[in-house]
Amino acid sequence: MLKQKKYLFYATPALPLALLGLPLYVYLPTYYAQDVGLGVFVVGAILLLARILDMFLDPLIGYYSDRYASRKSMMFFGMFLLLTGFYFLTNPSINADAWWLLLFSILVYFGWSLMTIPYLAFGADLGQDYKENSSYASYREVFNILGVLLALILPYALNVADKADESLALMNQVILVLLPLLFLFFVLSTKKQHIEKRQQKFKVFYVSFVQRLKKSRHLFGAFLLNNFANAIPATLFLLYVEFVIGSVEQTGLLLIIYFLAGIIGLPFWNYVAGRTSKKQAWIYSMMSASFFFAFVPFLGAGDFNAFLLISIFTGFSLGADMALPASMQADVAQEGNKDVSGTLFGFFAMLTKLSLALGVGVSFGILGVFEFSTENPTADSLLVLSLIYALLPIILKFVAILMLSKYKETL
């Protein structure tokens, strides 16, 4: 029971962070493209730029948390920036323009990094072996998915799930209360951690870090490509459901069922990983998701039930996608040196942001080239939307599987 408690105490901040993540990556692009009126191409370009500017700081944040500051103090400062930036993003002034979106997006992303990178590294510090890393990652991702479900259920229960502006306003109010509260619980319930400060230049440290983990390059590549593949449908989900399936009123229900399937699937993928390996289980999950996603291009208006089934089966693979890569990252940190765990997770955070940036920039950019309009979309532009939504992620996952198969996992 004590073991379960320590995993539980560590996992609590994942819930509000996930609660914030869904509105940022699903509702926000559509809100600024439609309600604020910036257009899909401009929003895609701005969010791509903001994430690119921010992501290069991630290894530095990780390095700083490894060498100079406590994980929790960095998380506290990050929480302040995150809440401030998110408030202004969800409450734009009447004259809000592209600069407004860029400025506060950068503030939110920077605050997010200051919270998540030390938090992930803290989990790697606590884990003592291959199995414990899986447990910390699994508990964290269960709370992660619960946070996503809460972000979905609240707007759905209040009948605002199909309204990006009202959903964002609701999430802002909830996060302003929940994030500080659960962060305080996390700080008080986890043991105090001392980080030894070392006077080592970043360049020397980072070169050594890269050399030691050079053999993990295939893991890095697979992680980037798979996240890129997942970011595309996440970005286009609202547009696809509204304009292709024609069931905009069911968006909340679809997402709730998708993430519930992810929670249900997590024990199964942990079992598969225990019988084979984390690497092999992750490959199986990507193959499964790609198989069911291949049916999406054949759907059209009125095919809600078919899309619902696809969402259930692809959602079942979500648990593996969320927990196994993070657990493998912790294994790599332990194999190299726990003193570099923050920098390692900073590097992976950089890859995550790059994948999300590519997801928004590429998908919205292609839609802009084909003159997709939310006011009067043409048949050709809807076909392009379907193809980007379904086929491009399958191709990316296939390449990710090929890269991951070359990675030599240490059990």
For region 137-158, pairs from a residue that is free of Cβ contacts under 8 Å to residues at least 24 places away in the same chain to a residue that is of a type in the set (A, V, I, L, M, F, W, C), with Cβ under 8 Å and 6 or more apart or across chains, are LEU154/LEU170; LEU154/MET171; LEU154/VAL174; LEU158/LEU170
Being basic (Lys, Arg) and surrounded by fewer than 21 Cβ atoms within 10 Å (Cβ to Cβ) is the filter; apply it to region 383-411 and report the residue that is farthest from VAL241 (Cα to Cα). LYS408
Restricted to region 1-45, and to residues that are farther than 21 Å from PHE243 by Cβ and either outside any helix (DSSP H, G or I) or of a type in the set (Lys, Arg) (or both), which residue is farthest from the chain's Cα centre (by Cα)? MET1
Considering only region 131-143, state which residues are surrounded by fewer than 24 Cβ atoms within 10 Å (Cβ to Cβ) and either in contact with a helix residue (DSSP H, G or I) (Cβ under 8 Å, 6 or more places away or on another chain) or closer than 12 Å to GLY262 by Cβ (or both). GLU132, SER134, SER135, SER138, TYR139, VAL142, PHE143
Under the condition of being surrounded by fewer than 17 Cβ atoms within 10 Å (Cβ to Cβ), free of Cβ contacts under 8 Å to residues at least 40 places away in the same chain and not hydroxyl-bearing (Ser, Thr, Tyr), which residue from region 275-317 is farthest from GLU409 (Cα to Cα)? ASN305
Can ALA45 be described as surrounded by fewer than 21 Cβ atoms within 10 Å (Cβ to Cβ), among the aliphatic types (A, V, I, L, M) and touching a residue at least 24 places away in the same chain (Cβ under 8 Å)? yes
Looking at PHE295, is it more than 30 Å from MET74 (Cβ to Cβ) and of a type outside the set (Asp, Glu)? yes
Cβ-Cβ below 8 Å, separation at least six or inter-chain, first residue in region 166-184 and over 19 Å from TYR27 (Cα atoms), second among the aromatic types (Phe, Trp, Tyr) and at pLDDT 90 or above: which pairs? PHE183/PHE76
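So that you can scan it fast, the table gives a plain yes or no per residue for (1) of a type in the set (S, T, N, Q); (2) surrounded by fewer than 20 Cβ atoms within 10 Å (Cβ to Cβ); (3) modelled with pLDDT under 90:
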{"residue": "THR190", "(1), (2), (3)": "yes, yes, yes"}
{"residue": "GLN200", "(1), (2), (3)": "yes, yes, yes"}
{"residue": "PHE205", "(1), (2), (3)": "no, yes, yes"}
{"residue": "ALA222", "(1), (2), (3)": "no, no, no"}
{"residue": "ILE232", "(1), (2), (3)": "no, no, no"}
{"residue": "VAL241", "(1), (2), (3)": "no, no, no"}
Any idea which residue in region 77-112 is farthest from LEU179 (Cα to Cα), counting only those that are modelled with pLDDT of 90 or more and not hydrophobic (A, V, I, L, M, F, W, C)? SER105
All-but-one check, SER277 against (1) of a type in the set (S, T, N, Q); (2) in contact with an Asp or Glu (Cβ under 8 Å, 6 or more places away or on another chain); (3) within 18 Å of ASN227 (Cα to Cα), failing number (3)
Tell me which residues, restricted to region 358-409, are closer than 30 Å to LYS214 by Cβ and assigned to a loop (DSSP other than H, G, I, E, B). SER405, LYS406, TYR407, LYS408, GLU409
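The values are calculated or read from the model by the stated rules, or taken from the named source; none is laboratory data. Everything numeric here is computed off the predicted structure, so don't read it as measured data. Note: ideal-geometry Cβ built from the backbone for every residue, glycine included; neighbour counts use all protein chains shown.
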